[in-house]
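Encoded as structure tokens, the structure appears first; notes follow it.
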Amino acid sequence: MLKPGTAEYVKAVNHSVLRYPGGLRADEDHWKEVLEKRDFMVDTDEFLEFCKQTGTTPMITVNFGTGTPEEAADWVRHLNVTKKANVKYFEVGNELYGSWHANHCSAEEYGKRAAEFIKAMKAVDPSILVTVVWVLEGDWNKVVFDYTKDLADGVNVHHYPQHTGEENDAALLGAPQSLDEILPKVRKQTEDYGVPGKKYEVWLTEWNSVDFKPGPQTLSIVNALFVADYLGSLAKHNIEQASYWDIHNDVTEQGGDYGYLSRTGAPDGDNVPRPSYWAFKIASESLRGKLVSSSTSNENVTSYLTDNNGKLSLMLVNKMPKTKANTTISIPKFEGSGTLKQLRADNSKQGYSNEDIEVKKGMKITLPAYSITTITLN
């Protein structure tokens, strides 16, 4: 993460929050030990500096699995008293419900201990926001909230729509629309299981295409289309924050990689942007301000129209693998000089095209097969 150029890449995609350390290691590593070792692992102080360089807000996952409430409280003290970093976002552990987690536990055990963590952390800084681990299916959530609803500021969930070894391009490209059911369901559960009248934050602290051992799909234009469409779908929902997994990772034996930038030793080079990175960049430049209602007559093309203080931008995602879409744009006041950008299968590893255009009422444009197109008025 601290390689030359990484901060510039990350800053360019307009992330608002970065999560540390994240993943299963969050429940194995002890922050003081990592800080004192000063080895290849990014430590707390280096992460804070990286957030400054990228203009992002830090989120911390405290060690629940092998850690203690006292250790978590000391971390808050280091961050917000010693370093005066004013870190507001914390989550208690990572995926403790999963059998794949070395320190997994029951919902009751997690809820009881998580309550102790929150008490200890807020005793140091009452202004921080702390969320507890929830899951999208099962009865875990209610049990956890039985012990934490008075203390927690919200919940965090993860979403990977595909299971490893079962990747399907068409299914993945339909997955972003599943958020229309998933996120309202989580929000409703906070109302049903929480303190009446209390508003809880909902954080989606991990999302990507497949839950484990990613394959080649993660490095393809398909994952890029999924990323752009997912970001558009997230914009529809009143969710406080969402975090993509992740910036750097490792190439698996299956031939995939979660990272949108390559890691040292990867076949595609060191710190090279992947298609998902370019999707993040093109989408983040278009999805600014307020989402405005829009639609298309083609079920394989999704549209997202935004108004950023009077500056309109339209993003169109063509999810057809071999068929272009001839599109007529009919949007009130969507006229004038603008910029057209396209990320396609043939340029998805190098970055999107960029051209100045004149937008007119009833303008016709062609959306290439498997492409992301944005038109932003100047």
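Readers should treat all values here as calculations from the given coordinates under stated rules, not as data from a laboratory. The structure displayed is predicted, hence computed values, not measured ones. Virtual Cβ from ideal backbone geometry, glycine too; neighbours counted across all protein chains shown.
Charge tally for LYS333 (other residues, Cβ to Cβ under 14 Å; Lys, Arg +1; Asp, Glu -1): +1.
Placing unit charges on the Cβ atoms only, positive for Lys and Arg and negative for Asp and Glu, gives the range 6-286 a dipole magnitude near 900 debye about its Cα centre.
When DSSP beta bridges are restricted to pairs lying wholly in the chain, around 60% turn out antiparallel. Using a simple spin-label model with pseudo-atoms 7 Å out from Cα toward Cβ, GLN177 and GLU8 lie 4.0 nm apart.
For the peptides 200-207, 288-295, the ranking by mean Cβ contacts within 10 Å, running from highest to lowest, is 200-207, 288-295. Counting only Cα atoms, the range 56-208 measures 50, 32, 29 Å along its principal axes, largest extent leading. Full extension of the chain segment joining GLN53 with LYS188 gains 44.9 nm, where the gain is 0.36 nm per residue of separation less the Cα-Cα distance. Highest-first packing order for the peptide set 1-8, 316-323, 123-130 is 316-323, 123-130, 1-8, based on the mean count of other beta carbon atoms within 10 Å. LEU24 label point, 7 Å along Cα→Cβ, cut-off 18 Å on backbone N: hits in the range 194-226? Within reach of a label on LEU24: 206-215.
I want to check a number: in the range 175-238, how many lysine pairs have alpha carbons closer than 26 Å, given a sequence separation of 8 or more or different chains? Close lysine pairs found across the range 175-238: 8. Between the beta carbons of THR264 and ALA123, assuming R0 = 56 Å, the FRET efficiency works out to 0.85 to the nearest 0.05. Computed over the range 286-337, the Cα gyration tensor eigenvalues convert (square root of 5λ each) into semi-axes of 22, 12, 9 Å, ordered from largest to smallest.
Couplings for the range 20-33, taken from phi via the Karplus curve 6.51 cos²θ - 1.76 cosθ + 1.60 with θ = phi - 60°, read 9, x, x, x, 5, 5, 4, 9, 10, 7, 10, 4, 5, 5 Hz in order; Gly and Pro are left as x.
Given R0 = 30 Å, the distance between the Cβ atoms of GLU46 and LYS112 translates into a calculated FRET efficiency of 0.35. Computed from Cα positions, the angle between helix 44-54 and the longest principal axis of the chain comes to roughly 20 degrees.
Using the average count of surrounding beta-carbon atoms within 10 Å as a protection proxy, the listed peptides 233-245, 151-163, 67-79 rank, highest first, as 151-163, 67-79, 233-245.
Principal axis extents of the Cα atoms in the chain, from largest to smallest and rounded to whole angstrom, are 62, 49, 41. Distance between the 7 Å Cα→Cβ label points at SER337 and THR366: 2.7 nm. Pairs exceeding 22 Å between alpha-carbon atoms, taken from LYS281/LYS360; LYS84/LYS119; LYS32/LYS122: LYS281/LYS360. Taking other residues whose beta carbon is less than 14 angstrom from the beta carbon of PRO267, and scoring Lys, Arg as +1 and Asp, Glu as -1, yields -2. Stokes-Einstein diffusion for the range 186-307, with the hydrodynamic radius set to the Kirkwood value over Cα pairs and evaluated at 25 °C in a medium of 0.890 mPa s, equals 151 µm²/s.
Stick to Cα atoms and the Kirkwood definition of Rh, then tell me Rg/Rh for the range 285-378. Reported Rg/Rh, Kirkwood definition of Rh: 0.94.
By the beta-carbon count within 10 Å of each Cβ, the least crowded to most crowded order of VAL222, VAL251, fewest first, is VAL251, VAL222.
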